[in-house]
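Notes to accompany the following structure.
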Amino acid sequence: MAEMSDVSELFEKRVYRKSRSENSVNTYSRSLGRFLDYVGLSAEELAEKVRNGAFNVVDSLNRWLDDLNTRDTAPRTQQVYFHAVKKFVEVIVPESQVNWKLVELPKTWSVEEDRPPTKQELKDILNHGNLKDRALILLAVSSGLREGTLAELQIGDVDFDAYEDVAVIKVRPEAAKQRVGYVAFATPEAKNALKQYMELRKRRKGEKETSLFNCKTDAIRARWLRLLRKADKAQKMENSHQIHFHTIR
């Protein structure tokens, strides 16, 4: 959808109100878009047909999930798609009475056996990154912050002066997973990397961005995967890579 429609804008606002996460908004919007492509309708057309009883959401979802199964789409991905469509209908057509229990969702289970990198592996990975990569990874290692929280950090959330050796990271409620603010700390090594990174940004003319790393969760994972490949550490398990970004926390 090239332009933002009224129903799409309302849908995204409600997703953000619930999650307080731009990443969730993007994920749900993409998921809804895939369903709209499958049924060949716009968001407005889908809403109107559901409102008039001319569209069976349950049957369409079950057929779509069957199709996704034939394409080996991951069960967890299918569940995200389902919840996006469900959220859209509940927000845009709240009067509809859809029995969502009739949608047969695939079971999910964890089969990953990921592991954290060793100290030497982490050094090798950092050697292939730039200053931004180094600051981001060292902060994650020392503070234990999630990708989603790192993506939401602002420049003003970092206090270099509170302590001589460590930096204080003030995590705002809207950046925290449980929506409760808290304080984290960056080790001297991470603090030094952050300072160097911030100095580099200050030297850039016209730098007005207030986001600390200026990248979303997907971009953080992509940067990590790029470094794994450069360091020849991108070993794969059956369905994913062995060393995930979250394992360095």
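Below, the figures for the structure above:
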item: Candidates G144, G156, G129 - the one that is of a type in the set (G, A, S) and under 21 Å from the mean Cα position of the chain (by Cα); result: G144
item: Matching residues in segment 173-204 - criterion: being out of contact with any Phe, Trp or Tyr (no Cβ under 9 Å at 6 or more places or on another chain), assigned to a loop (DSSP other than H, G, I, E, B) and over 22 Å from R134 (Cα atoms); result: K177, Q178, R179, V180, G181
item: Residues satisfying the stated conditions in segment 202-229, i.e. in contact (Cβ under 8 Å) with a residue 24 or more places away in the chain and surrounded by 15 or more Cβ atoms within 10 Å (Cβ to Cβ); result: L212, F213, C215, K216, T217, I220, R221, R223, W224, L227, L228
item: Candidate set: segment 116-147, residues that are of a type in the set (G, A, S) and touching a Lys or Arg at 6+ places or on another chain (Cβ under 7 Å); chosen: the one surrounded by the most Cβ atoms within 10 Å (Cβ to Cβ); result: A140
item: Residue match in segment 74-86 (condition: modelled with pLDDT under 95 and in a loop (DSSP other than H, G, I, E, B)); result: yes
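The values are calculated or read from the model by the stated rules, or taken from the named source; none is laboratory data. The structure presented is a predicted model; accordingly, all values stated were derived computationally and were not measured. Cβ coordinates were reconstructed from backbone atoms using ideal geometry, including for glycine residues, and neighbour counts include every protein chain displayed.
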